[in-house]
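A short write-up of the structure that comes next.
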Amino acid sequence: MSAGRIGCMTTPAQGSRIPDGALYACDNSRFGSDGKGRYWPGAEAWFAWLRRTVERYGPDHCLWALAPDQPFDAADTLTESLPWLARIRELGIPAAYAAQDGCDAPGLLPWDAFDVLFLAGSTEWKLGPVAERLAREAKARGKGVHMGRVNSRIRLGIAEWFGCDSADGTYLAYGPDKNLPRLLGWLDELDGSPSLLGGTQPFGAPDAPSRTSPPSAVTNAPAIPASRGPRARTR
């Protein structure tokens with residue numbers, strides 16, 4: 001964590017403490033660990049939690065916060081997210097927007113209103129050509145890109161190919177003693193491979209020097225180091 005390769009994903013339902021100095025990101029629990037969103041507390045309670053989290057751990061270490069979305073529904077996600085993107089930014093942190101199946105239809109991606117494109121949606125969509133094109137467009141616009149539900153070396157490699165800055169998954173939550181060395185090994189492999197994109201940029205920094213490191217990994221497992229490589233996180 002101290003090296004910035006792994007960070008913490010936190011959610012309203014999680015309640016775990018973020019280690020001192022660790023990078024963290026704030027999911028919203030609309031998808032949740034059960035995939036059904038039953039831990040979603042409602043928009044006002046979510047935002048109150050987000051404000052407390054940023055006040056406690058500081059905006060400088062927050063990679064982004066995901067606006068409320070509607071999993072697998074691009075039109076409803078736009079409706080859910082739009083009222084909150086500016087309010088997230090007012091907390092001094094980057095606002096992330098969940099890209100869902102069908103979000104490439106005209107008017108469904110409010111590019112100017114968010115800082116990080118979060119590749120959500122179905123597995124088939126998020127690994128497909130539309131998600132790849134949108135990820136590359138986001139990078140060209142100076143946005144960060146994050147991929148959710150990344151739990152294998154193959155998928156982490158796809159995230160890097162798309163140009164993702166970070167990724168999350170539950171891989172570390174199950175058998176962390178065994179899986180942490182494996183995850184770090186995956187990140188080492190990607191660090192040692194030339195990027196086919198010619199480098200990516202950190203979140204919200206369109207003029208920053210390009211880099212060729214893989215996405216960081218972020219984990220939401222309590223007391224587990226979080227990393228991004230694309231940084232890895234758990235969702």
Name the chymotrypsin sites (Phe, Trp or Tyr not before Pro) in the stretch 158-191 that are in a loop by DSSP and that have at most 13 other C-beta atoms within 10 Å, would you? Tyr174
Could you go through the stretch 130-136 in sequence order and give the Karplus-derived ³J(HN,Hα) for each residue, using 6.51 cos²θ - 1.76 cosθ + 1.60 with θ = phi - 60°, rounded to whole Hz, and x for Gly and Pro? 5, 4, 4, 5, 5, 4, 5
Which cross-chain or sequence-distant (5 or more) residues have an amide H under 5 Å from the amide H of Met147, H modelled 1.01 Å from N in plane? Leu119, Ser166, Ala167, Asp168
Report the percentage of all Cα-Cα pairs in the stretch 77-168 whose separation exceeds 24 Å, rounded to a whole percent. 15 percent
In order over the stretch 171-178: 3J(HN,Hα) from phi, Karplus 6.51/-1.76/1.60, θ = phi - 60°, whole Hz, x for each Gly or Pro, gives 4, 6, 5, 10, x, x, 4, 8
Which whole-angstrom value gives the distance between the alpha carbon centres of the stretch 141-185 and the stretch 47-62? 23 Å
Mind checking which aspartates and glutamates have their C-alpha under 17 Å from Lys139, skipping anything on the same chain fewer than 8 residues away? Asp104, Asp112, Asp115, Glu160, Asp165, Asp207
Can you pull the one-decimal nm distance between simple spin-label points at Asp191 and Ser122, each 7 Å off the Cα toward Cβ? 3.7 nm
Please work out how much length the chain gains when fully extended from Arg141 to Ala45, using 0.36 nm per residue of separation minus the C-alpha to C-alpha distance, in nm with one decimal. 31.4 nm
I need the Debye-formula profile for the stretch 18-133: one equal scatterer per C-alpha, no solvent, reported as log10 I(q)/I(0) at q = 0.09, 0.15, 0.23 1/Å, two decimals. -0.23, -0.65, -1.35
Using modelled amide H (1.01 Å from N, peptide plane; none on Pro or chain starts), what sits under 5 Å from the amide H of Gly7, excluding residues fewer than 5 places away? Ala217, Val218, Thr219, Ala226, Ser227, Arg228, Ala232
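Read the figures in this text as sums done on the coordinates, not as results from a lab. Bear in mind that the values here come from a model prediction, so they are computed numbers and not experimental data. Counting neighbours? That spans all protein chains shown, and the Cβs are built from the backbone with ideal geometry, glycine included.
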